[in-house]
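Student: Pasting a structure below so you can have a look.
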C-alpha cells in the first residue's frame, strides 16, 4: 500500500512505539489519528506532529469508546486505511506468590486490554476499511498488531502478559483468512525489549540482564526500528498473516 494520502489510526499513539510510528507514517505522507487514554499526552503528541495529526481519547477495551474514535477519525480525515495497535499494559505476578494465588481480576484486566482491546479495535476498523476503494491487488486496508517475545518465552511472573500476547499472535492468521475477501492484510510484530518510557523507568538491575540476553546488537531496541518495520509491512503487499519477532535475537531466560 502506498502510504501517501492514507489515514492511520494508532492506539497507544501518544508515546513510545505508537508515537514513533506516527512520525514515520506522517513523513511518508499519511494522516494520523492518535488514540490514547491520556488526553494531555495525546494532545501534546498531536501538536508536535503538526497538521497531519489529530487525537482522540478512548479505551480500547470499550466498544462504544472505539466506535466513537473511529467516527471521529472518519469525520476529520474521511476514512481509515491503516491500523496500528500499540496500546497495552505490562504485568508481573506469579501464579502462586508470597501473598497467595495470582489475583484473577488482574489476569482478566491484562487479557481485556492487551488481547480483547486489540481485537475490539481491529474488528471495528476492518468494517470501515471494507468501504475503501480497492487499490492494487484489490487491497483496502492494513492492520498491524503488537505482541511481544513474551508470547513465546515469557518469564517468571508473566503468565497474564504472555497469555495476552500469545493470543494476539495466535489470532493473526485466522483474522488474515477472515479478512482476505475484503482486501485487508493483517500482521503482528513481536518486539523484544525496547527503549520506551515504560522501560526507561526500570532500574539497571532490570534493564542490564535483558540487554545481556539480546544477541546483537547488544542494546535495547529503538522505537524508530519498530516504526520502520511498520512502514515495511504496510508497503509490502505480499506480507500477510505473519508474526514477526523484532528482538535482536533475544531469547528470554526464566528470570
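The values are calculated or read from the model by the stated rules, or taken from the named source; none is laboratory data. Source: prediction; values computed, not measured. Ideal geometry is used to build each Cβ from the backbone, glycine not excepted, and the neighbour counts take in all protein chains shown.
Student: Restricting to the range 119-153, name every residue that is modelled with pLDDT under 95 and crowded, with 19+ Cβ neighbours inside 10 Å.
Tutor: Across the range 119-153, there are no qualifying residues.
Student: Follow-up question, since we're still on this one. Could you tell me which numbered condition residue 163 fails, if it satisfies all but one of (1) exposed (fewer than 14 other Cβ atoms within 10 Å of the Cβ); (2) modelled with pLDDT of 95 or more; (3) over 23 Å from residue 13 (Cβ atoms)?
Tutor: (1)
Student: Could I ask something else about it? Can you find a residue in the range 139-148 that is within 28 Å of residue 2 (Cα to Cα), outside any loop (DSSP other than H, G, I, E, B) and more than 15 Å from the chain's Cα centre (by Cα)?
Tutor: Scanning the range 139-148 turns up at least one residue that is within 28 Å of residue 2 (Cα to Cα), outside any loop (DSSP other than H, G, I, E, B) and more than 15 Å from the chain's Cα centre (by Cα).
Student: Also: Counting only residues that are under 18 Å from residue 246 (Cα atoms) and in contact with a helix residue (DSSP H, G or I) (Cβ under 9 Å, 6 or more places away or on another chain), how many does the range 199-220 have?
Tutor: 6
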